[in-house]
Each structure stands twice: as C-alpha cells, then as structure tokens.
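Derivation of every value follows stated rules applied to the coordinates shown; laboratory data play no part. Small disclaimer: the values here were computed from a predicted structure and weren't measured. Reconstructed Cβ throughout: ideal geometry from the backbone, glycine too, with neighbour counts over all protein chains shown.
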Amino acid sequence: MISSEAQTLHTFFETERYFDKHYKYPIMTSKDHIKNLSPDFTAEEFARRLILKHFQTMISQIDGVIENKDPEPLHKFRVSGRRLRAVFKTFGNIFSKKESKQFFGVIKDLSPLTGKARDLDVNIIFLKNYIKTIPKIDRKVIQEYLDEKIEERDKLQPLLGDVLSSVRESSFIKDFNLFFRRMKVQLTIDEMSRLRVINQEQA
C-alpha cells in the first residue's frame, strides 16, 4: 500500500521531470536536477530542494527582467514562480500559515503584472515572425498592430522594473533566507553554495 505522501512525492517528481525536459534552467541542468531529486525523499526534504532551486532561479532573473534586453529572463522568472507556487500548494502543511502567506503571497501578487508583460512579449515575437511570411503589400496593417503592442510593452516596463526592484531591495530575500535556514534539514555543499548566492543578492 503506497502512502498518500509517497504518491504526492512521486507525482511531483514526475512533474519536475516534465518541466526540466521542456524548460531551460540556468542554475541546474536537467541531469543535475534529477540527480538531486528523488521520490524517496521525505516531503520536507523534497520541498526544501525544490524551493531553493526555483527561488534562486527566479531571483537570478530579476536583473534581466529589469534590463529588458531579452524576453527570456521574464519567461524564466514566471516559470520559476509558478513552480514555487505549486510547491507551496502541494506541501503547504510543512509551512506555517504566516510563512506560506508571506512568500506565496508575494509571488502570487507578481503574477498579473508579469503575466501581462509576458503575453505582450509573446505577441510581439509572433508578429515579428509572422510579418516576414506575408507579401510586403499586406504588411502595413500588421506593422501598425505590432507597433501598438511594442508601445504598450514599453509603457509597462517602468512599472515592472519598479515592482521587481522593490522586491529585490525589500526584506523579502533576506526573510526567505532566514526561513530556509530554520527548516530542520541538512544542506548539501551545492545547496549551501546556492544559498550564499541568495545572500549576495540581498547584500
């Protein structure tokens, strides 16, 4: 008989395998990630490893999102945020209500703004590619629509930059670091290294 906890861990482990196969991550390769995760972990250890990985990945994308030279940092930021939210929902009994609200709430509050920016990025990328495939005589209307989307995205960027700068400069990262250290599990050398990166982000 498989316990409900074991079933949850196995399901989440397979989900992580799927995401690693279809999304690029700058912190770990898929091979490293799978090597460091196992459905045999306790729920607390499994959650700890996922939280550290996804939080550090998310934080590492903030500068790229603010600079806005490439749409990929925003995409990675949102993927990491969704995966963090999934961890907090799935393993909510591990954390106090205050901790869940504190960290899950911040990530959730960022979703509408980053989602709108990402939607515009996707539209712009599609239109730029699409306009190349149609006759030049038909491009005027599409170009006008593309220009509108670019202008809308440019107007949204200052707000997005301000919000993410506020998150970076607030106590959010420091509070997460303290919360993570209170979790009663032993860090591996690799995880301690990545936790130091989080500390440096707050410095």
* Asked: For region 110-127, list residues with backbone N below 11 Å from a point placed 7 Å from the Cα of VAL141 toward its Cβ?
  -> none
* ILE125, ILE66 arranged by Cβ crowding within 10 Å, fewest neighbours leading -> ILE125, ILE66
